[in-house]
1. Residue by residue through the range 1-29, note down the ones that are in a helix (DSSP H, G or I) and within 14 Å of the chain's Cα centre (by Cα).
2. Just to be sure before I move on: is LEU34 over 19 Å from the mean Cα position of the chain (by Cα), of a type in the set (A, V, I, L, M, F, W, C) and at negative phi in the structure I sent?
3. Only one of VAL126, VAL105 is touching a Phe, Trp or Tyr at 6+ places or on another chain (Cβ under 6 Å) and touching a residue at least 60 places away in the same chain (Cβ under 8 Å). Can you tell me which?
4. Identify the single condition in (1) within 12 Å of the chain's Cα centre (by Cα); (2) free of Cβ contacts under 8 Å to residues at least 12 places away in the same chain that LYS67 does not satisfy, given that it satisfies every other one.
5. Can you tell which of LEU115, LEU127, LEU180 is closer than 27 Å to ASN26 by Cα, modelled with pLDDT of 95 or more, outside the structural domain of ALA8 (by TED's automatic domain parsing) and in contact with a Cys (Cβ under 9 Å, 6 or more places away or on another chain)?
6. If I go through the range 3-61 residue by residue, how many of them are crowded, with 21+ Cβ neighbours inside 10 Å and in contact (Cβ under 8 Å) with a residue 60 or more places away in the chain?
7. Give just the number: which of (1) assigned by TED's automatic domain parsing to the domain that holds PRO116; (2) under 18 Å from VAL142 (Cβ atoms) does VAL66 not satisfy?
Amino acid sequence: MELTEQAAEIIGILNNTYPDVKTQLNHSSPFQLLVATILSAQCTDKQVNKVTEELFRELKTPEDFVKTDQLLLEKLIRPTGYYKNKAKNLKNCANALVQKYDGVVPDNLEALISLPGVGRKTANVVLGSAFGIPGIVVDTHVSRISQRLGLSRNKHPVKIEFDLMKIIPRHQWDSFSLQLIYFGRQYCQARKPLCKDCPLYHLCSYPEKTA
């Protein structure tokens, strides 16, 4: 089977399995989504949502993050882990937004990845969920499943992103990434994939899959 044909069949099954997908990070503005996505590194969406519920009551704008005390910010985000580095990134990112973009989150990839603490994954989350601009988000789920399904032979997230861009129709980039995340949580887990229940079993080339 051609790789594009395999991808098309996978998309069809995922569309039926997860017809309505959206980011699980709670937000009411592009800036809140940017903050939440930065906090989500090495942390669950559920935990981030608990933290941002209080955080966004205290700090609402990039200017608020610039002005707030570093130690207070660290305290507010501590449950997300790596809080010292995340607090530093959030303050630097907010400062860059204020200085370069009048406090407005830009809606293009190049500008977003120029912000401190913002890589391609974070940028694509914001572009897709906040601005409706297609992008493929490669998190640990997307990386793992893309390799298991044989959609990419690469391990580096950026290379996986480019591999998927070649075989996934552009208008489905956002939904495909989210569907793989949902699928990874429900079926294709890192340690114990539920292969016997997997709707993509017949399309999977993972050598360690169970019968």
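1. none
2. It is false that LEU34 is over 19 Å from the mean Cα position of the chain (by Cα), of a type in the set (A, V, I, L, M, F, W, C) and at negative phi.
3. Testing whether each residue is touching a Phe, Trp or Tyr at 6+ places or on another chain (Cβ under 6 Å) and touching a residue at least 60 places away in the same chain (Cβ under 8 Å) leaves just VAL105.
4. (1)
5. So the residue among LEU115, LEU127, LEU180 that is closer than 27 Å to ASN26 by Cα, modelled with pLDDT of 95 or more, outside the structural domain of ALA8 (by TED's automatic domain parsing) and in contact with a Cys (Cβ under 9 Å, 6 or more places away or on another chain) is LEU115.
6. 9
7. Only one criterion in (1) assigned by TED's automatic domain parsing to the domain that holds PRO116; (2) under 18 Å from VAL142 (Cβ atoms) is unmet by VAL66, namely (2).
Residues checked against (1) within 16 Å of VAL21 (Cα to Cα); (2) in contact (Cβ under 8 Å) with a residue 60 or more places away in the chain:
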{"site": "HIS141", "(1), (2)": "yes, no"}
{"site": "LEU149", "(1), (2)": "no, yes"}
{"site": "ILE167", "(1), (2)": "no, yes"}
{"site": "SER175", "(1), (2)": "yes, yes"}
{"site": "GLN189", "(1), (2)": "no, no"}
{"site": "LYS192", "(1), (2)": "no, no"}
{"site": "LEU203", "(1), (2)": "no, yes"}
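The values are calculated or read from the model by the stated rules, or taken from the named source; none is laboratory data. Please read these numbers as outputs of a predicted model, since none were measured by experiment. Because the Cβ atoms are built from the backbone with ideal geometry, glycine has one as well, and the counts that use them run over all protein chains shown.
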